[in-house]
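First up is the structure itself, then whatever we jot down about it.
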Amino acid sequence: MFYSETGAWCPGLEVRPSDRRKWLKVFEACDEDKKGYLSREDFKVAVVMLFGYKPTKIEADSVMTSVKPNTSGIYLEDFINLMQKKKAVQLHHNEIRQIFTAFDMQYRGFLTLEDFRKAFRQVAPKLPERIVLEAFRKETLSLYMDRSASIPEFPNCMLYLDPCDCVHQTKGLREAVWTIRPVFRTSA
């Protein structure tokens, strides 16, 4: 999944030298003919090497047309930029999954409204109840009658929350989740 597909991007995320070296090594390994660019198939192999999955035809087409449409492939700097974005998206998804896991105290794979309330009482005790309810209902009640949020809906619930509400009320939602995460697991 890439930036164009998710809209997620972490501004200010710089390429670490170790990542750049790794991406350069993979680029060189996949550019077997030393053309100076990666073809569609070379790109697919590179993604498998770096992220462990083979991109779909649609994803590969999207990437190939997004870089420089009239070129033969993806040049090194474009590849580095793509991998940087890919890594940022992957980190974002991993973080959402970890927060969801911290909230899912019963290990059921979904959150009920009560789970959501309990988690936010721990994480952001001064956050108004209506905001928690609105965040939960935003996705779950309008789309799902079982009144639960599973991992696919959870990011939408989290996106609904105004970070200003959380930051001004606590030391920040993310920081609070990481602080209380062990508490969730031991108190369940």
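The values are calculated or read from the model by the stated rules, or taken from the named source; none is laboratory data. Nothing here was measured: the structure is a model prediction, and the numbers come from that model. Ideal geometry is used to build each Cβ from the backbone, glycine not excepted, and the neighbour counts take in all protein chains shown.
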- Restricting attention to segment 87-104, does a residue exist that is touching a Ser or Thr at 6+ places or on another chain (Cβ under 6 Å) and either among the aliphatic types (A, V, I, L, M) or surrounded by fewer than 16 Cβ atoms within 10 Å (Cβ to Cβ) (or both)? yes
- Task: Search segment 114-161 for residues being among the polar types (S, T, N, Q) and part of a helix (DSSP H, G or I), and hand back the single one that is modelled with the highest pLDDT.
- Result: Gln122
- Within the bounds of segment 1-23, is there any residue that is modelled with pLDDT of 90 or more, part of a loop (DSSP other than H, G, I, E, B) and not small (Gly, Ala, Ser)? no
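Residue by residue through segment 59-77, note down the ones that are among the β-branched types (Val, Ile, Thr) and closer than 23 Å to Lys25 by Cα. Don't jump to the end; show me each part of the working.
Narrowing segment 59-77 to residues among the β-branched types (Val, Ile, Thr): 63, 65, 67, 71, 74.
Result: Val63, Val67, Thr71, Ile74.
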